[in-house]
Amino acid sequence: MNDKYVAPKLDLEAFNCPYCGAYSNMRWYGVDTTASYEPSTRLSLKVARCSFCSQFSLWSYQEMLLPANTTAPMPNEDMPESVKELYEEARGIVNKSPRGAVALLRLALDKLCDEIDVECKQPKYNGKISDKIGILVKKGLSEQLQQAFDFVRVTGNDAVHELGLIDVQDNPEIATTLFGLLNFIVEKMITEKKKIASLYNLIPESRRDKIKERNDSVTQST
């Protein structure tokens, strides 16, 4: 897998497969449609075969026809289900409505804040993503992640309210970037913590108890 997501594109030698998600070489084939159509109405069709999963995508000019749902990356495996549902819905419409997809990703970010910190679930913060991000910043959210959160938030707000500050409809690649940012946030906030916790639990419990005692004494002294 390539760490950087490369969206499917006509005649590109390698990109992230819309079926399996792997960054893979693509083998392109032209499709002859003269047997079914008059020469004057001949279609320009191509297929790309993924060298990883062997699935075929179908293209007409610059548009991917099959699979018809998306050119956006698949969700991080650790993405919470409530967030993933909205993410997948956004993937399903991004090719036809980048603005609609971005609006859904804004809502997905709102749900993700709730999953990351229980304080964000308080009724007074309902729908107030900026306030939720502020809670996370107060609790140590890095500047890099704060900027990722706010870019998704601001772009989503523009799409919902049609402010025109960031024109997603005319720049659909921005929508694709937001999918990557949401996955990045999940990677940093959930996946990496999960990996570290798994390693930490390899330490014998008696030694973890000693570490806890040390941490408690440091906290009390401050």
Q: Go through the range 206-222 and count every residue that is open to solvent by 100 Å² or more (accessible area, probe 1.4 Å) and either basic (Lys, Arg) or closer than 28 Å to Glu115 by Cβ (or both).
A: 4
Q. How many of the residues in the range 28-45 are assigned to a strand (DSSP E or B) and at pLDDT below 90?
A. 4
Q) modelled with pLDDT under 90, surrounded by fewer than 20 Cβ atoms within 10 Å (Cβ to Cβ) and either basic (Lys, Arg) or in contact with a strand residue (DSSP E or B) (Cβ under 7 Å, 6 or more places away or on another chain) (or both), is that true of Lys188? A) no
Q: Search the range 1-27 for residues being among the aromatic types (Phe, Trp, Tyr) and open to solvent by 40 Å² or more (accessible area, probe 1.4 Å), and hand back the single one that is modelled with the lowest pLDDT.
A: Tyr5
**Q.** the range 94-121 - residue that is open to solvent by less than 70 Å² (accessible area, probe 1.4 Å) and not in a helix (DSSP H, G or I) and, of those, modelled with the lowest pLDDT
**A.** Asn95
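The values are calculated or read from the model by the stated rules, or taken from the named source; none is laboratory data. All values reported here derive from a predicted model rather than from experimental measurement. Here the Cβ is made from the backbone with ideal geometry for all residues, glycine too, and neighbour counts use every protein chain on show. With ligands, DNA and RNA removed, areas are computed over all heavy atoms of the protein, side chains included. Shrake-Rupley method; radii C 1.70, N 1.55, O 1.52, S 1.80 Å.
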